[in-house]
Amino acid sequence: MNMNIKVESGLHFVRKHILRTLSQTKWARFRDMKPKNVDSNLYSYHLKELLKEGYIERNDTKGYRLSPFGLRFVNQISMEVFEPRWQPKIMTVLVCVNSKKILLWKKFKQPYIDTWALPGGKMHYDDASVQNAAIRDILFYSSRVPDDLKHVGIFGYRVFIKNELISYSFAHVYTGTLDTRDFIIERPEWVDIQQLGNLELSPGVLEIIELVDTNKSFFFADKDINW
């Protein structure tokens with residue numbers, strides 16, 4: 001299975017060297033960050049660009065360090081190759097059952113386009129909490145948040161197609177009660193639970209429904225899914 005997926009950053013090697021140096025120390029002086037055998041003008045140019053773009057900041061007495069933006073950047077890279085890498089997706093989903101029907105919607109983009117999924121969405125960097133992310137996602141399609149909204153578990157799952165890793169997600173699973181009158185967009189649909197076997201479901205949907213149905217306390221589960 002291919003587990004070494006990475007995305008090239010496109011950063012100049014001088015900038016990578018500077019950021020790598022700063023990622024391994026609190027502060028660095030001008031001469032500490034200069035790569036060997038690199039022209040001083042070239043080095044100074046890229047150092048100034050990193051300052052201008054907000055990756056690093058300068059103190060007259062201490063030298064240079066990573067800025068908050070730079071710290072966030074290096075937190076998302078592989079230190080071995082100093083390139084951005086794929087990270088597991090953190091998301092929230094809602095399991096909403098009403099009269100033996102469950103709330104689903106059809107995915108309109110890849111991966112898994114045109115399959116049926118539980119309503120939800122990705123967590124954002126500025127979400128104050130998982131609960132806030134869940135509420136934000138619910139208010140995308142509903143005029144209200146369920147009064148009985150409950151965080152019931154976490155499901156981590158990797159999805160493979162022909163032995164290739166396609167997605168890696170951690171779903172914070174919530175339950176709650178909504179009514180058709182609450183919907184403010186057309187995407188959510190009630191689907192007969194008995195008819196789920198006749199639908200092309202997104203990976204993880206059946207597993208999450210089963211976990212909610214069989215666990216009476218907070219659960220954590222993970223699984224590899226060959227799709």
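Give the relative contact order (percent, whole number) for the range 89-226; include only Cα pairs under 8 Å separated by 6+ residues. For the range 89-226, the relative contact order is 34 percent.
Each residue of the range 71-76 was assigned a 3J(HN,Hα) from its phi angle through the Karplus curve 6.51 cos²θ - 1.76 cosθ + 1.60 (θ = phi - 60°); the sequence is 4, 5, 5, 5, 6, 10 Hz, with glycine and proline shown as x. Helix 40-53 and the longest principal axis of the C-alpha atoms of the chain enclose an angle of approximately 30°.
Listing ASP114, ASP127 from fewest to most neighbouring C-beta atoms within 10 Å gives ASP114, ASP127. Since only GLY70, PRO119, ASN41 are under comparison, the one whose Cα sits farthest along the positive direction of the charge dipole of the chain, derived from C-beta charges on Lys, Arg, Asp and Glu, is ASN41. Applying the Kirkwood pairwise sum to the alpha-carbon positions of the range 129-170 produces a hydrodynamic radius of 12.6 angstrom.
For the range 204-221, putting each phi into the Karplus relation 6.51 cos²θ - 1.76 cosθ + 1.60 with θ = phi - 60° gives couplings of x, 5, 4, 4, 5, 4, 5, 4, 5, 6, 9, 10, 8, 10, 4, 10, 9, 9 Hz, in residue order, rounded to whole numbers and with x for Gly and Pro. Computed from phi, the 3J(HN,Hα) profile of the range 141-146 under the Karplus parametrisation 6.51, -1.76, 1.60 (θ = phi - 60°) reads 10, 10, 7, 8, 9, x Hz, with x in place of Gly and Pro. With the alpha-carbon atoms of the range 166-227 aligned to their principal axes, the span from lowest to highest coordinate is 36, 28, 23 Å, starting with the largest. Debye sum, Cα scatterers, the chain, no solvent: what log₁₀ I/I(0) at q = 0.09, 0.15, 0.17 1/Å? Debye output, listed in q order: -0.53, -0.97, -1.13. Taking each of LYS106/LYS216; LYS150/LYS223; LYS34/LYS62; LYS101/LYS150; LYS100/LYS216; LYS122/LYS223 in turn, the alpha-carbon distance tops 21 angstrom for LYS106/LYS216; LYS150/LYS223.
Among beta bridges identified by DSSP and lying wholly in the range 99-203, the antiparallel ones come to about 95 percent. Here's how it looks for VAL95: its modeled amide H is under 5 Å from those of TYR174, THR175, GLY176, which are all 5 or more places away or on a different chain. So how tilted is helix 13-22 from the main axis of the chain? Cα-based, degrees 0 to 90, rounded to 10. That helix lies at roughly 80 degrees to the long axis.
Read-outs: derived from the displayed coordinates by stated rules, not from any lab. Quick caveat: nothing in here was measured; it's all calculated off a predicted structure. Note that each Cβ is placed from the backbone with ideal geometry, even for glycine, and that neighbours are counted across all protein chains shown.
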